[in-house]
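Reviewing the structure listed below.
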Amino acid sequence: MSQAASGHGTGKAGGLSGKAGRLLSSAGGAVTVQFVTAGGSLVVQALCARTVGPSGYGAYALFVSVLVMITAVQTSWVGDSLTVFDRFDPRIRGALLLSVCITVTAGASVGAAVTAVMGLAGAAGIAMFALLVALWLLNETGRRIFTARMEFWRLAVNDTAYLVVTLGTLGGALTLGADASVELMLAAMCAGCLVSIVLARLRLPAPEYALAPLRNTAFREIAGFAVWRSVQAGLRPGSLLLARVMIAAFASTAALAGIEAARLLLAPALTFVNGAGGFLLGDFAQAERTGTPMPARRAVRVCVLLSVIALVMSLSGILLVDWLGPLVTGGSFSVDRVALVGWGVYAVCFACTLPLASLATARKMSKSVFTVRGVESATGLLVLLGLLVADPGHASIAPYCLGAGGLVSAAMLWRALRKTDPPAGEQRVEPHPTEGSVDELVG
């Protein structure tokens, strides 16, 4: 009898160990994906900073900011919907296919219009950017399918292919004597996206690309969730874009370059938090679908864990600025030290908010998340605007203005989630039998 009990305990422990291993593998893959993507972006941006100078790099930062904002809106509408809803349901699938067509077309048009108004490039550069937006959004849709399938390591391979092709195209063009320019950067990114799109089509199973009728779809149901989610997801990159535009207008693109170089030095911390967020949304959404919802207190534990990691990583970047700074800028301009600490504050506050926002999104509380984040973003931007009007030299304070409100947002989200927590008997006690859960990560 004791042997049987012992065997049973061993089997249970082995099962939990296996689940924890799968969880850590998925979480590790999610973070690895973000580091591959951000690492490639860091290399490209550092190369741009070293070759086109501070003004050119400031313009490139604005281009990338527009791209990130459009991507956040599109992937929240399409990507989060295919994660939260049953993407194989014909009516849902038809709505998703329709959404992809609309958002890709609208995204390319908006990207071209915004960059034209900002005067970032001529006709050829604007056309190249519009093409990049379209390819980027199609590639992002494939990336979110990998994410919905929790296949983060396979996604990492796909993202590595994008990085290799982008850098190879850029390096090859420069070796052949092409002039370093923002347009060349955009063209290289287009090549990387195209290869990644083809690779995703070959590596994902056929059902993920199956067509569905575009009539009588669940578009209204999807839109009810996705409109608020997309607007909410666009708040953070939109705030960053507006802050960059204000800095360029009141100070200069050279001042913006120093602030952006500081952000690049702390990119690993922001990347880690983003990667964890991609994993958390999938895990929280799966818990909701399987009838074992995650209680809010679990999300708070993840907030604490992510905040501590973000703090440690940020401090590392700040302490190594004298060594890392010249690698990023090539000595052509200086890293803004005040902004550097500010981006550390931003990363920690972001880590405090993201798990709670992800849980609220999984519960389809997109409107609540938008309201909280909207107040935070608007307040931060108004404070920054007032400081810049008083003295353009206050541009370095931008990260503090944008990040500090995250602590208030976290408290407000916590309160809203507590009100919608399921009864204790319905909360998740055991992890899903095949996937593991974030419970095992935070204890």
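Descriptive notes on the structure:
- Any hit, the range 296-319, residues being in contact with a helix residue (DSSP H, G or I) (Cβ under 7 Å, 6 or more places away or on another chain), at pLDDT below 80 and of a type in the set (D, E, K, R): no
- Residue within the range 254-264 that is crowded, with 20+ Cβ neighbours inside 10 Å, more than 18 Å from the chain's Cα centre (by Cα) and under 20 Å from PHE85 (Cα atoms) present: no
- Any hit, the range 383-390, residues being within 22 Å of ILE259 (Cβ to Cβ), in contact (Cβ under 8 Å) with a residue 12 or more places away in the chain, surrounded by 19 or more Cβ atoms within 10 Å (Cβ to Cβ) and among the β-branched types (Val, Ile, Thr): no
- Flag for GLU221 being of a type in the set (Asp, Glu), over 30 Å from VAL52 (Cα atoms) and surrounded by fewer than 22 Cβ atoms within 10 Å (Cβ to Cβ): yes
- If you go through the range 276-316 and keep only what is of a type in the set (Val, Ile, Thr) and within 20 Å of ALA410 (Cβ to Cβ), you end up with VAL300, VAL302, VAL304, VAL308, ILE309, VAL312.
Residues checked against (1) assigned to a helix (DSSP H, G or I); (2) modelled with pLDDT of 85 or more; (3) among the charged types (D, E, K, R):
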{"residue": "GLN45", "(1), (2), (3)": "yes, no, no"}
{"residue": "GLY56", "(1), (2), (3)": "yes, no, no"}
{"residue": "ARG87", "(1), (2), (3)": "no, yes, yes"}
{"residue": "VAL100", "(1), (2), (3)": "yes, yes, no"}
{"residue": "VAL117", "(1), (2), (3)": "yes, yes, no"}
{"residue": "ALA134", "(1), (2), (3)": "yes, yes, no"}
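- Just one residue in the set VAL369, VAL375 is farther than 29 Å from ALA254 by Cα, surrounded by fewer than 21 Cβ atoms within 10 Å (Cβ to Cβ) and of a type in the set (A, V, I, L, M); that residue is VAL375.
- Which listed residue is more than 20 Å from PRO237 (Cβ to Cβ), modelled with pLDDT under 90, assigned to a helix (DSSP H, G or I) and within 20 Å of the chain's Cα centre (by Cα), from LEU82, LEU62, LEU16: LEU82
- Filtered residues of the range 323-364 (kept if among the aromatic types (Phe, Trp, Tyr), in contact with a Pro (Cβ under 9 Å, 6 or more places away or on another chain) and at pLDDT 85 or above): TRP343, TYR346
The values are calculated or read from the model by the stated rules, or taken from the named source; none is laboratory data. This one's a predicted model, so the numbers in the text were calculated from it and none came from an experiment. Positions of Cβ are generated from backbone atoms using ideal geometry, with glycine treated the same way; all protein chains shown enter the neighbour counts.
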